[in-house]
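Undergrad: Okay, here's the structure, questions in a sec.
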Amino acid sequence: MAEVAELGKQWGISVAAIAFAFLALYGSVFSIDQTELGNVRRFGNVVYPKDKPLEPGMHFKIPFVDIVDKIQVTLQTLNIPSFDVLTIDNQKVSIQENFNYTIPKEQVYHVLYEVGGSGNIDINEQVIPVTKDRTARVLAVQNMVSVNGNRELIQTQIEQSVTKAVEDLFGIKAHSLQIAAITPSAAFMASIDAATQAKNAAIQAEHELRTKQFQAQQVVATAKGQADAVIERARGEAESIRLNAIGAAEATRVAAEAEKTRLVLTGEGQESSLTAQIKPFGNVDKYLAYQETQAKLKWNGQQPMIMTGNGAGTNLVVPLPAMVGNGR
């Protein structure tokens, strides 16, 4: 039994030794990925120089003694959760940002061992507070009403401020910063909505007023047109009446002038004829005496008579008084 126990003890020691050897061998080998650089601490001291960090590949260390520190050096995107800042007009606004950066090879030692605690610290936890602080400083001098209009300028100012801060503090290289969202407070949005509604109502009221003014102008224009038409029609009728009156008056005048001329000419003709008849006798008395003599010579001794009637029955003959001559 003692021999069996001794044999079991030896096997146990052997297994333990093999296990220890395996762990020692396993613990003495480590790798660094293509996206990383690293270094080794041995009893608290950094093994490799600042300017010669461990490159990607397989490396050896003293098992159970050396501690390997790694850090990602390729481009990283830091999503900064939404946080609140105040504008110059004391309006709260929520900001969400994305920050892109890399860690240069010459700054690996600084980031691993001179920023925060020693070892492979989480650099993101160091960058986030700085980014929030620089963002708040830029927004603190902005008016909330003009934030959206100045968004591009604000992003540029924040990017410049954050870039300088993280490079000075941590030695990392900033590549870009994007403002993913700018969200005003609910109270501010409510005030904007109320102002927008009031503005829209004012625009609608102005539009309705202009419409009514236009309609009124149309009514006035229509009424004026109708009045002008009536006036023009009345003016035309008056002008027509005036012209007709002038025409009638002119026709009357012309007719009167013609009648006057006719009478004048008739009188002149009769006068000329009478003058021509009297002229051979020398004067009027002799002419009248001649006419009387001619009448006496032509008298047949009968009384002159006037016949009356319509020709259908017996005519009435009325004898005239006998002509009384000179001395008869």
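The values are calculated or read from the model by the stated rules, or taken from the named source; none is laboratory data. Keep in mind that what you see is a predicted model, and the values were worked out from it rather than measured. A quick note on method: Cβ atoms are made from the backbone with ideal geometry, for glycine too, and the neighbour counts reach across all protein chains shown.
Undergrad: If residue 91 satisfies every condition in (1) more than 30 Å from residue 188 (Cα to Cα); (2) modelled with pLDDT of 90 or more; (3) touching a Phe, Trp or Tyr at 6+ places or on another chain (Cβ under 7 Å) but one, which is the exception?
TA: (1)
Undergrad: In this structure, does residue 92 turn out to be surrounded by 15 or more Cβ atoms within 10 Å (Cβ to Cβ) and out of contact with any Gly (no Cβ under 9 Å at 6 or more places or on another chain)? Give the steps one after another, and end with the answer.
TA: Numbers: surrounded by 15 or more Cβ atoms within 10 Å (Cβ to Cβ): yes; out of contact with any Gly (no Cβ under 9 Å at 6 or more places or on another chain): yes.
It is true that residue 92 is surrounded by 15 or more Cβ atoms within 10 Å (Cβ to Cβ) and out of contact with any Gly (no Cβ under 9 Å at 6 or more places or on another chain).
Undergrad: While we're on this one: Tell me, yes or no, whether region 95-109 has at least one residue that is part of a loop (DSSP other than H, G, I, E, B) and surrounded by fewer than 13 Cβ atoms within 10 Å (Cβ to Cβ).
TA: Applying the first criterion (part of a loop (DSSP other than H, G, I, E, B)) to region 95-109 yields 103-104.
Those still in the list that are surrounded by fewer than 13 Cβ atoms within 10 Å (Cβ to Cβ) too: none.
Looking for residues that are part of a loop (DSSP other than H, G, I, E, B) and surrounded by fewer than 13 Cβ atoms within 10 Å (Cβ to Cβ), one finds none in region 95-109, hence no.
Undergrad: Another question about this same structure. Quick one: is residue 266 under 60 Å from the mean Cα position of the chain (by Cα), outside the structural domain of residue 94 (by TED's automatic domain parsing) and surrounded by 10 or more Cβ atoms within 10 Å (Cβ to Cβ)?
TA: On the way: under 60 Å from the mean Cα position of the chain (by Cα): no; outside the structural domain of residue 94 (by TED's automatic domain parsing): yes; surrounded by 10 or more Cβ atoms within 10 Å (Cβ to Cβ): yes.
So residue 266 does not fit the description; no.
Undergrad: Considering region 111-135 alone, what residues qualify as being crowded, with 16+ Cβ neighbours inside 10 Å and not in a loop (DSSP other than H, G, I, E, B)? Reasoning before the result, please.
TA: Step one: list which residues in region 111-135 are crowded, with 16+ Cβ neighbours inside 10 Å, which gives 111-113, 115, 120-121, 123, 126-128, 130-132, 134-135.
Result: 111, 112, 113, 123, 126, 127, 128, 130, 131, 132, 134, 135.
Undergrad: Hey, another quick one. Give the residue, chosen from 38, 57, that is surrounded by 11 or more Cβ atoms within 10 Å (Cβ to Cβ) and touching a strand residue (DSSP E or B) at 6+ places or on another chain (Cβ under 8 Å).
TA: 38
Undergrad: Then there is this: Given the criterion under 39 Å from the mean Cα position of the chain (by Cα) and surrounded by fewer than 10 Cβ atoms within 10 Å (Cβ to Cβ), identify the matching residue among 216, 198, 186.
TA: 186
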